[in-house]
1. Just to be sure I understand, how many residues within segment 99-140 are under 20 Å from Lys40 (Cβ atoms) and exposed (fewer than 12 other Cβ atoms within 10 Å of the Cβ)?
2. Restricting to segment 59-86, name every residue that is of a type in the set (A, V, I, L, M, F, W, C), out of contact with any Phe, Trp or Tyr (no Cβ under 8 Å at 6 or more places or on another chain) and over 30 Å from Val5 (Cβ atoms).
3. Which of the residues belonging to segment 8-41 are surrounded by 17 or more Cβ atoms within 10 Å (Cβ to Cβ), in contact (Cβ under 8 Å) with a residue 40 or more places away in the chain and within 23 Å of Val80 (Cα to Cα)?
4. Considering each residue of segment 42-64, count those that are within 28 Å of Ala131 (Cα to Cα) and of a type in the set (Val, Ile, Thr), and give that number.
5. Which residues, taken from segment 44-83, are over 13 Å from Thr99 (Cβ atoms), in contact (Cβ under 8 Å) with a residue 12 or more places away in the chain and more than 17 Å from the chain's Cα centre (by Cα)?
Amino acid sequence: MIKNVEKWLNQQPKEAIDVLMNGKKIKVIPQKEIETLLDKLTDRTWETKNFKSSVRQEVINGKTVNLMDASLELVISYRVMVLGPLNTDKEVFVEKEITRTLVGAVTFDTSYFGNTYHNNTAKSMCIVNAASDISTRFGKYLNPLPVMVGMNQPVQVGAGVSGEVKDKISETLTKLTKDLKDK
């Protein structure tokens, strides 16, 4: 068990590695390391729910590509020490369980990966994206672009992406978020 969870969560990620993207070195936390951190934080009780994925064809810059859209919910529970009842003469700390449900989503061109296990790839990327909302330790402030180690080409969502692609990604994320809210 982690003694001071808040302090641990707010530490810079030791697990981050450098990768080269478009000639620029950026830091990412590999998916396997994210799962190790989740195991440590939750005593191996984290889980995923409502994984959804679909593949659609789009014409982007005159080229037909297969885009995979995916989302899931990452449920984590962990314990923290909080200030207890204030009706005593001294400060008393009690243990409290925190449960959070985080949503991770991704859209990517399936040709970016050197495998045909697109659902597994999508699920891994969704877990990493959801976990990044937990804290600094999970990469919350590392990079503005979602990147996954092992890709043939980087997934670019941000600078350098056409307005058409940004619009499609935005539409997909809006739809996935609405689907989760409607449940």
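1. Looking only at that region, the number is 1.
2. Once the filter is applied, which keeps residues that are of a type in the set (A, V, I, L, M, F, W, C), out of contact with any Phe, Trp or Tyr (no Cβ under 8 Å at 6 or more places or on another chain) and over 30 Å from Val5 (Cβ atoms), segment 59-86 yields Val59, Ile60, Val65.
3. Leu9, Pro13, Ile34, Leu37, Leu38, Leu41, listed by residue number.
4. 4
5. Ser54, Val55, Arg56, Glu58, Ile60, Asn61, Val65, Asn66, Leu67, Met81, Val82
Quick note: the coordinates plus some simple rules give every number you see, no bench work behind them. Only a predicted model underlies this, so the values are computations on that prediction, with no experimental measurement involved. Ideal geometry is used to build each Cβ from the backbone, glycine not excepted, and the neighbour counts take in all protein chains shown.
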